[in-house]
Structure formats: structure tokens, C-alpha cells
Amino acid sequence: MTDVQALRVRRERLLGRNMSLFYDDPVHLVRGEGVWLWDADGRRYLDCYNNVPHVGHCHPRVVEAICRQASILNTHTRYLHEGILDYVERLTATFDRSLDTAILTCTGSEANDVALRMAQAVTGRTGVIATDFTYHGNTTAVSQLSTRMPPVGGYGGHVRHVPAPDAYRPLGGEGGEAFAEAWAATVEAAIAALQESPFGFSALIIDPFFANEGFPDLPADFLAPAVAAVRKAGGLVICDEVQPGFGRTGAHFWGHQKAGILPDIVTLGKPMGNGHPVGGVVAASETLNAFRKAFRYFNTFGGNPVSCAAAMAVLDVLEEEKLQENALHVGAHAREGLQKLADKHGLIGNVRGSGLFFGAELVLDRQKKTPASDIATRVINGMRERGVLMGKLGIHQNATKIRPPMPFSRENADLMLAVLDDVLSGL
Ligand code: PMP
């Protein structure tokens, strides 16, 4: 039995079944540096998937910050400490002035759980609207938002799903303003339904980049009519920035800034601590104070000095290494390359994305836009075999998910494109 097979058996025995594992031939990783990963046999892989090591795997600045603070003090937030204050000051400075306070958590799921309760505290109501192909996390409350695995006992009546926006197959068949209005109409209908229910309408929760939904290239101001409808109904807008935040989309530091909207609550996670578990909720002080008044809330690990040191180092590196700018330029270069591949391979139906979050939707027929979901799985596995790690996602699970660490270079992009060309040619 090979090392990989033995590990699989041991993993299932110790961690249980149905635990997801990437690739037909899983990768046993033992080391990472920058955009590279190494397996137990010493083979190197180009990481085009992982957004958690945002400033690069094992970035020495982040490692040093964690080690330094861990060797001095690590406690919780019921003692005074400057680390969390310095960090929240620096973090909130990247937002609109109205978003001036934060609660730190350990995961994105926790952050969304808190955000939902913040909206309840402010509105006195519990009804939530989310898209039908989203994922916002794994707590009991937050998993109600996801349609991938229906909750045991069914959905609570307080959750309404609207269709995930798909610019490749726009609602009503038209792009532009008509598409935005058609989508807003679905939000308005969900608001009306909730208002007629015992739950009332509390909040719309969206990833402003709709990453898990397949990162559609939406028209400018697409979200404006829906946001206006939410405000008119007295609801709150929660933006889940777990995926698009911290400069990932290149042109903007936050996904909601790219979308041109101002949310009431923003939730953070994944890239925030470069792998150290830190998440957060950013909101106006009145919103945060209403939450603390309605729910006695404390988080044992959230906001501890080591987490804050890690998160602060991430902001330092982003700035010093100009990684948002890098995402903008390398992302544009890579998308251009993907577009060239589309001229050669009919399988590529649509190239899209922003900054270092991009990909191609694979289709069997460009006219009919028939999703090539099984082929997408083969492509991802073919890439892995050739030493390039990426994933797939979207409404039809047929869009390649390319979301590498932010120091990803043009040379890295060219390598990924060459391998993809080779894999597509060999299908
Ligand atoms: N929100 C979004 C948009 C996510 O993609 C995820 C995780 N993939 C989460 C929230 C949950 O974050 P975590 O796994 O840290 O709880």
C-alpha cells in the first residue's frame, strides 16, 4: 500500500467518512513557500487555489509575528491589550468611515453567525435572504443559508433564497440594467414574502463578488437596485468578504467597493491571518452596540494577541509588497491568456473574474452553453497530475477556480496557462 493509500485509510478511521478530499489522486503536502507547495516525495506544485495563505505560504513576516507574540503573551479579550486595538484601527481605516468598529472571531462562519444576530438586534426581525448557490459557513444558523445540503428538518421559514446572479445566462435573457432590475425584483419578492411571515425581514446576505456562485462578471451598479429595496424595507445589507476581501480582486481592497455598494455589516475570514484562524465582523458602532446589548457575546480565542499580530503582519506585507497592485496586473495578464486559450479550445465558454480570482466556464456547446461539469473535474485532475493545483465551482460546478496566493507572478500565470493548454488539448 502506498503512503497516500495508507493515509487515506488512517484518515477515514480517525476522522470519519465523507470528509472531502481534493483530486482522484490526493496530494500529501508537507511544505509550502510563497506560491509553491511540496508533497512528501519532494514534488513541487504551483498553488493556483489557496487564498488563505494570502501573502504567500509561510511568509516569514507573518511567521515571525506569530512566533514573537506567542513567546510574549497570548490571552483573551477580557484583559486590556493594544494588539487588538492597533489592528482594528488599521483594519477599519480600509473601510468607509461609517464602518468603524469590529468584533474578531476565529472563522468566517462565526463572523456570519454574529452578523445575522447583529441584523436581528438592529431590526428586531429574523428573516434573511441569500442566493440559492451560496455558502456562508457551517454553524447551525449559517448553514441554513446554503442549499447544497438541505438541513435536517428542512429550512426554517425565515430563510428565502433568490437565484444566484449569472451574467453568462442572465435572468430574463438580457444583460445590463434589465438584468439588475430583474434580479432586484427577486429580492423584492423575497422581502415581501418575509414581511408577510411571522419572521419579518432582517437582512440580505451576499458575497458582493458571488465567488462560490461562480464569480459572474456583473454589470456596473448591478447591486444598487437590490440594495435600495433592502434599505426601503428597513433591512440590513451584510457583505461576506471572506472570499473577495483584502485586495484579492485587484482594483479594490474590498469586494463591496468593487460592486459600488456600502454595506451595513461586513464579515471577514480566510485570508485575514494568512492561515492563522482569524475572522471578523465590521460594522458601525451603533450596530455593534445593539448586538452587544441584545446578545451577551464573548469569544475565547477571537482577537487574541497572537491572532492580531498575524493579521497585522498580513496588512503590512500586502502594503509593502504592493500585492493588490500585483493582483490587478497579473490577474489581467492571466485572463488575457485564458481568453487566447478560448480561441483555441471550444470547451471554454466564458472567461471571467477580477484580480487574482478568475477562471473559465467550461461548456459542451457554446451556443447552448451546456455546462461541462464532468470535463471540469477531469481538467482539474489533469492539472494536478501535471503539478498545478486549482479547483472548480459555480452554479453548474463547471468553472475553473483560480485563486492563488497574492504574490502569484506573470511567470506563474504563464506556467498555469501552458499546462492548461496541454490538459485541454489532451482531453
Ligand atoms: N463565507 C464564504 C463566502 C466562504 O467561502 C466560506 C468558506 N469557504 C465561509 C464564509 C466560511 O468560512 P470558515 O470556513 O472560515 O468558517
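Tabulated data for the structure shown
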{"read-out": "Among residues of segment 89-117, those that are over 21 Å from the mean Cα position of the chain (by Cα) and touching a residue at least 40 places away in the same chain (Cβ under 8 Å), counted", "value": "4"}
{"read-out": "Test set (1) in contact with a helix residue (DSSP H, G or I) (Cβ under 7 Å, 6 or more places away or on another chain); (2) closer than 23 Å to LEU91 by Cα; (3) of a type in the set (A, V, I, L, M, F, W, C) - PHE210 fails condition number", "value": "(1)"}
{"read-out": "Residue within segment 299-306 that is open to solvent by 40 Å² or more (accessible area, probe 1.4 Å) and of a type in the set (Ser, Thr, Tyr) present", "value": "yes"}
{"read-out": "Out of ARG117, ARG90, ARG97, sole residue that is part of a loop (DSSP other than H, G, I, E, B), open to solvent by 60 Å² or more (accessible area, probe 1.4 Å) and either closer than 30 Å to SER202 by Cα or within 16 Å of the ligand (Cβ to nearest atom) (or both)", "value": "ARG97"}
{"read-out": "Candidate set from segment 122-138 (those that are open to solvent by less than 30 Å² (accessible area, probe 1.4 Å) and more than 22 Å from LEU218 (Cα to Cα)); member that is nearest to the ligand (Cβ to nearest atom)", "value": "GLY137"}
{"read-out": "Segment 239-275 - residue that is of a type in the set (A, V, I, L, M) and out of contact with any Lys or Arg (no Cβ under 7 Å at 6 or more places or on another chain) and, of those, farthest from the ligand (Cβ to nearest atom)", "value": "LEU262"}
{"read-out": "Single residue of segment 284-298 satisfying the filter (touching a helix residue (DSSP H, G or I) at 6+ places or on another chain (Cβ under 6 Å) and buried (at least 18 other Cβ atoms within 10 Å of the Cβ)) that is farthest from ALA115 (Cα to Cα)", "value": "ALA290"}
{"read-out": "Residue in segment 301-313 that is outside the structural domain of PHE408 (by TED's automatic domain parsing), of a type outside the set (Gly, Ala, Ser) and under 21 Å from the mean Cα position of the chain (by Cα) present", "value": "yes"}
{"read-out": "Residue tally, condition within 10 Å of the ligand (Cβ to nearest atom) and hydrophobic (A, V, I, L, M, F, W, C), over segment 139-151", "value": "2"}
{"read-out": "Residue that is most open to solvent (accessible area, probe 1.4 Å), among those in segment 54-87 that are over 13 Å from MET312 (Cα atoms), in contact (Cβ under 8 Å) with a residue 60 or more places away in the chain and touching an Asp or Glu at 6+ places or on another chain (Cβ under 8 Å)", "value": "HIS57"}
{"read-out": "Filtered residue count, segment 152-174, keeping only those that are open to solvent by 30 Å² or more (accessible area, probe 1.4 Å) and either within 16 Å of the ligand (Cβ to nearest atom) or part of a helix (DSSP H, G or I) (or both)", "value": "4"}
{"read-out": "Listing of strands (runs of 3 or more DSSP E) fully contained in segment 1-83 that carry 3 or more residues being within 23 Å of ARG403 (Cβ to Cβ) and not aromatic (Phe, Trp, Tyr)", "value": "29-33, 44-47"}
{"read-out": "Extreme residue, nearest to the ligand (Cβ to nearest atom), among residues of segment 100-114 that are in a loop (DSSP other than H, G, I, E, B) and over 21 Å from LEU262 (Cα atoms)", "value": "THR107"}
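The values are calculated or read from the model by the stated rules, or taken from the named source; none is laboratory data. Just so it is clear, the structure is predicted and the values come from calculations on it, not from any experiment. Here Cβ is always computed from backbone atoms with ideal geometry, including for glycine, and neighbour counts include all displayed protein chains. Keep in mind that these areas ignore ligands, DNA and RNA; they rest on the heavy atoms of the full protein, side chains included. Shrake-Rupley method; radii C 1.70, N 1.55, O 1.52, S 1.80 Å.
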